[in-house]
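Any read-out appearing in this document is the output of simple, stated calculations on the displayed coordinates, not a laboratory observation. Note that this is a predicted model, so its numbers are computed, not measured. Counting neighbours? That spans all protein chains shown, and the Cβs are built from the backbone with ideal geometry, glycine included.
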Amino acid sequence: MQVRAQGIINRGAPNTRRAFSTFPALTPLADGSLLATYRVGSSKDSADGTLELKRSDDGGHSWSTAASPFATALNGLNGSLRVGYITDIGNGHLLLAALWVDRQTYPRQPLFNEETEGCLPMAIVLADSRDLGRTWSGWRVVPVPADVGPPSLTNPVLALPSGRLALSIETNKTYWDRGPWRQRVVYLYSGDQGQTWSDPVTTCQDPTGRLFNWDQRAGVCPDGRVVTFTWTYDRQTTQYLNIQRHLSADEGATWSAADDLGFADQAAHPAMLPDGRVVLAWVDRFQSRSIRARLAPAATAPFDAATEVELYRQTAQSPQTAAGDTGDLLTEMSLWNFGLPFAAALPDGDVMVVYYAGDDAGMAVRWVRLAL
């Protein structure tokens, strides 16, 4: 692979409520355009955070003026929007899944409680568009049972071969819960285009509670299998492990054993190509301090080191470390100044990766186009 072109989708505006542009995602649309979503706020973890949309009609070289059509209040509570993912579910219907954070119940508190490992109240909310993202419906909330806790959203809704949709969410503890954190990944299924959802089905969990499966990214292969890539954290050694791959041939009912990819640490959403190849970007935050990508010829194949390209390298001094307990690491995430790559296959056979990077004054959402 090689970098064909790169640029910026949205720059941060220092000392404003749009100083930090972070947490991007990208959706190629049926009309050939690209639709990017990302969060803006006065900091990476601020009560004024919201989602913006930008569109490109020339393969990413230029982008439209930002649109911000989504409400941040929900059911009478003030909140912020942290991340949003769009899925094209067919016939011009786009489904946006977003993570809403309650900023009113515990005012002026950070997202993660360093003392308890809990987090603020959150909800998964959905909106629909029937005109390729130009207008959107209001929010509807995905109901989850209390034992899921505040749900985290780390992947777009999956469109499965059966016609069902799958929503992958991760469990958390409530803000002042001092009990053990039994983190797990659960899927909710919908057979009516996201109007109603099943009870959660656990798809990934270490029953001992030692390993956490954070920020699991998933894609659907051309043959219908689901593949996931997991940011794996060992709370006993307080270290990030290599990325783990799992596959499911039955839409998430059963999964293969973990496959250690041999490199760490935080995986991107994978780009799934029509011929079965997969491009995976990842953040190597504590070694090379860079964002990198590799190509695999199939979802079950190794990611060939010979295909590796560097997408971004941090040059400024960074506050991040790999030390400390789980609470320390959760708090430190708000300080990281590059990351969260998201890859998507483009109609012309290239792959685009979006990510955020910047400094203490502000951050921008950037894109890189990869030629395979």
Original post:
Per-residue HN-Hα couplings for region 210-216, Karplus 6.51 cos²θ - 1.76 cosθ + 1.60 at θ = phi - 60°, whole Hz, x for Gly and Pro?
Top reply: 6, 9, 9, 9, 8, 6, 6
Original post:
Arranged from highest to lowest average of other beta-carbon atoms within 10 Å per residue, in what order do the peptides 34-47, 226-239 appear?
Top reply: 34-47, 226-239
Subject >> Amide proton proximity set for residue 9, modelled H, under 5 Å, gap of 5+ >> reply: 365, 366, 367
Subject >> For the chain, size of Cβ-based charge dipole, Lys and Arg +1, Asp and Glu -1, in debye >> reply: 640
**OP:** Show me 154-164, 194-204 ranked by packing, highest mean number of other Cβ atoms within 10 Å first.
**Re:** 154-164, 194-204
Original post:
Which of (i) 20.7, 70; (ii) 18.9, 53; (iii) 20.9, 62 is the computed Rg and Dmax of the Cα atoms in Å for the structure on display?
Top reply: (ii)
